[in-house]
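Q: What follows is a structure written as structure tokens; I'll ask about it next.
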Amino acid sequence: MDDQIRLSVFEWLEKQTMIYGDVLPRDLLATGFIFKGERITLLGPQGIWKPKVMTYPLSITSISNGPYSDSYTKQGFLKYKYRGTDPNHSENRGLRSLISLRKPLIYFHSIIKGKYLATWPIFIIEDNRQDLVFTVALDEMKTVKNEFEQVNEDATYYRRSYLTSTIQTRVHQRSFRERVLLAYQNHCALCNLKHVELLDAAHIIADKEDIGDPIVSNGLALCKIHHAAFDNNFIGINPEFKIIIREDLLLETDGPMLKYGIQSLNNSKLILPHNKMDWPDRERLERRFMSFLKAV
């Protein structure tokens, strides 16, 4: 039953991510779904979570700036802190048992309040009682379904090392997106489109540059067409929050998307967040606008 529930949970998660993306609302995860007459909840108040009908833990959760400081090894594996300081706490024993049983579970990372990045299948691969920490590895879903596949230990190690290391990048990217969209109340700063599935968090200054910090004031909530137009210097935004369309585009004649979606924005103003602290940083806008003018 425990294994059947896990596979059903993974299938259910796959369906939810097709709807919401890989950042899921807490209410959805805490409500879960019905499996053979029993409600399966995916997380709860404890970081190590086991639904009542299951024998072993189903998920682990990290909260940014929470009481437990999770980190990563040099090899890219996640170091997940024990519940408390007692190695024999029932929740710690539950996770420890998964090492020999090789049972997969889910890792949730809190991105913003009420939103969690979901990653699965993860495995508990090591237990360090001295440091009160478990080592966690991400793997591919096919490794769960192919139980009798011959295991190449070296290949498994390096695959898991690489996959787990990508969690940090995803947390960074999703956190920036969710914070920017929240500041702009889930609408495009240029056209006011409010369908979150069609919105991106665009960097004013790219994160690889010296002031490309992942902060809301270095971001803009843009629909996908305006994000692409901004990144490709079809659209510029000056430090006074004025939208400027590239001159050659203003002279083009094309369909309604060009006319109403881009040309009509010329000399209009950004739709700004309510909180001035979240407004685009003028210094960054000026630097980006100068790059736009050079590209024209």
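The values are calculated or read from the model by the stated rules, or taken from the named source; none is laboratory data. The structure presented is a predicted model; accordingly, all values stated were derived computationally and were not measured. Cβ sites come from the backbone with ideal geometry, for glycine too, and all protein chains shown count toward neighbours.
Q: Taking the stated definitions as given, is SER264 under 23 Å from VAL196 (Cα atoms) and out of contact with any Pro (no Cβ under 9 Å at 6 or more places or on another chain)? Let's see the steps before the verdict.
A: Details: under 23 Å from VAL196 (Cα atoms): yes; out of contact with any Pro (no Cβ under 9 Å at 6 or more places or on another chain): yes.
The answer is yes for SER264.
Q: Further, regarding this structure: Can you tell me which residue among PHE234, PHE289 is touching a residue at least 40 places away in the same chain (Cβ under 8 Å) and more than 27 Å from the chain's Cα centre (by Cα)?
A: PHE289
Q: Could you check the stretch 124-141 and list, in sequence order, the residues that are under 22 Å from LEU24 (Cβ atoms) and either surrounded by fewer than 21 Cβ atoms within 10 Å (Cβ to Cβ) or not assigned by TED's automatic domain parsing to the domain that holds LYS81 (or both)?
A: ASP139, GLU140, MET141
Q: Something else: Give the residue, chosen from LEU105, LEU101, that is in contact with a strand residue (DSSP E or B) (Cβ under 8 Å, 6 or more places away or on another chain) and among the hydrophobic types (A, V, I, L, M, F, W, C). Please lay out each step first, then the result.
A: Numbers: LEU101 fails: in contact with a strand residue (DSSP E or B) (Cβ under 8 Å, 6 or more places away or on another chain).
Step by step, each of LEU105, LEU101 is checked, and only LEU105 is in contact with a strand residue (DSSP E or B) (Cβ under 8 Å, 6 or more places away or on another chain) and among the hydrophobic types (A, V, I, L, M, F, W, C).
Q: Between a residue in the stretch 190-208 that is in contact (Cβ under 8 Å) with a residue 40 or more places away in the chain and any residue that is in a loop (DSSP other than H, G, I, E, B) and hydrophobic (A, V, I, L, M, F, W, C), which pairs come within a Cβ distance under 8 Å, given they are 6 or more apart or on different chains?
A: LEU190/LEU270; LEU190/ILE271; ASN192/ILE271; ILE205/ILE211
Q: Starting from residues that are of a type in the set (Asp, Glu) and surrounded by 13 or more Cβ atoms within 10 Å (Cβ to Cβ), keep the ones in the stretch 22-38 and report whichever is nearest to ILE167 (Cα to Cα).
A: Start the filter on the stretch 22-38 by keeping residues that are of a type in the set (Asp, Glu), which leaves 22, 27, 38.
From what is left, the residues that are surrounded by 13 or more Cβ atoms within 10 Å (Cβ to Cβ) are 22, 38.
Working: ASP22: 12, GLU38: 31 Å.
If we take residues in the stretch 22-38 being of a type in the set (Asp, Glu) and surrounded by 13 or more Cβ atoms within 10 Å (Cβ to Cβ), then ASP22 is nearest to ILE167 (Cα to Cα).
Q: Which one of these is within 18 Å of ASP2 (Cβ to Cβ), surrounded by 15 or more Cβ atoms within 10 Å (Cβ to Cβ), hydroxyl-bearing (Ser, Thr, Tyr) and in the same structural domain as ARG160 (by TED's automatic domain parsing): THR61, THR119, THR41?
A: THR41
Q: Is it the case, given these coordinates, that ALA183 is within 24 Å of ILE244 (Cα to Cα), in contact with a Phe, Trp or Tyr (Cβ under 8 Å, 6 or more places away or on another chain) and surrounded by 13 or more Cβ atoms within 10 Å (Cβ to Cβ)? First the steps, then the outcome.
A: On the way: within 24 Å of ILE244 (Cα to Cα): yes; in contact with a Phe, Trp or Tyr (Cβ under 8 Å, 6 or more places away or on another chain): no; surrounded by 13 or more Cβ atoms within 10 Å (Cβ to Cβ): yes.
Judged against the criteria, ALA183 is not a match.
Q: Working carefully through the options ASN266, ASN218, find the one that is among the polar types (S, T, N, Q) and in contact (Cβ under 8 Å) with a residue 24 or more places away in the chain. Step through it out loud before you land on a result.
A: Numbers: ASN266 fails: in contact (Cβ under 8 Å) with a residue 24 or more places away in the chain.
Result of the check over ASN266, ASN218: ASN218.
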